[in-house]
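Worksheet: the structure to be examined is printed underneath.
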Amino acid sequence: MLYGDFASRTRGRRFDLVLANPPYVLSPDTLLSTGGAERAGDTGPTGRLITDRVCATADAMLRPGGVLLMVHSAMCGPRTTVRRLERAALSARVVLRASVRWGPVLRGCRAWLESRGLAGEISEWEELVIIRAQRA
């Protein structure tokens, strides 16, 4: 098992299975967070700063027939993730959806999420998705 920055840790290596839980929490900040556990999941206004890197490098990380399983928030555009993985020559689809209560980070940026139309005034639930991509 490897931990750390996937791009540098996996360079030149291929895997049968990659499990990815990249940071995906939307935030008003446009730069990656460097401060503390509360902000460790912040990935900018789209929530895609890390997810897009995973999509761009997934094909190079997988052996033929290899599978990527990635979790992220439905607020971050699962369709975009599937399309980007497909453009990288992988078959991809959402295989699981689950609703979970907001954590402290999302609660802390409620007003910003509401202003972007990503949260209702009374909602404190977020949909998480698991995306499965496979290399031919």
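The values are calculated or read from the model by the stated rules, or taken from the named source; none is laboratory data. Since the structure is predicted, the reported quantities are computational estimates derived from the model, not experimental observations. Note: ideal-geometry Cβ built from the backbone for every residue, glycine included; neighbour counts use all protein chains shown. These area figures cover heavy atoms from the full protein model, side chains too; ligands, DNA and RNA do not enter into them. Shrake-Rupley method; radii C 1.70, N 1.55, O 1.52, S 1.80 Å.
For the residues TRP125, TRP112, a 1.4 Å probe over the protein chains yields an accessible-area ranking, largest first, of TRP125, TRP112. Per residue, the chain exposes an accessible area of 58 Å² to a 1.4 Å probe, with every protein chain left in place. Sorting 88-98, 65-75, 47-57 by their mean Cβ neighbour count within 10 Å, with the most densely packed peptide first, gives 47-57, 65-75, 88-98.
If Lys and Arg each add +1 and Asp and Glu each add -1, what is the summed charge of the other residues whose beta carbon sits under 11 Å from the beta carbon of THR46? With Lys, Arg at +1 and Asp, Glu at -1, the neighbours total +1.
Using a probe of 1.4 angstrom, how much of the accessible area of the range 34-136 is carbon and sulfur, in percent?
Details: 2920 of 5420 Å².
Summing carbon and sulfur atoms, their accessible area is 54 percent of the total for the range 34-136.
Within a Cβ distance under 14 Å of SER91, other residues only, what is the Lys/Arg minus Asp/Glu net charge? Display every interim value, and only then the final one.
Numbers: positive: ARG83, ARG84, ARG87, ARG93, ARG132, ARG135; negative: ASP59, GLU86.
Neighbourhood net charge equals +4.
If you look at the Cα atoms of the chain, you get an Rg and a Dmax of 15.2, 47 Å.
Using Cα pairs under 8 angstrom and six or more residues apart, how large is the relative contact order of the chain, in percent? Working shown, then result.
Working: 249 pairs, mean separation 37.5, N = 136.
Contact order relative to length: 28 percent.
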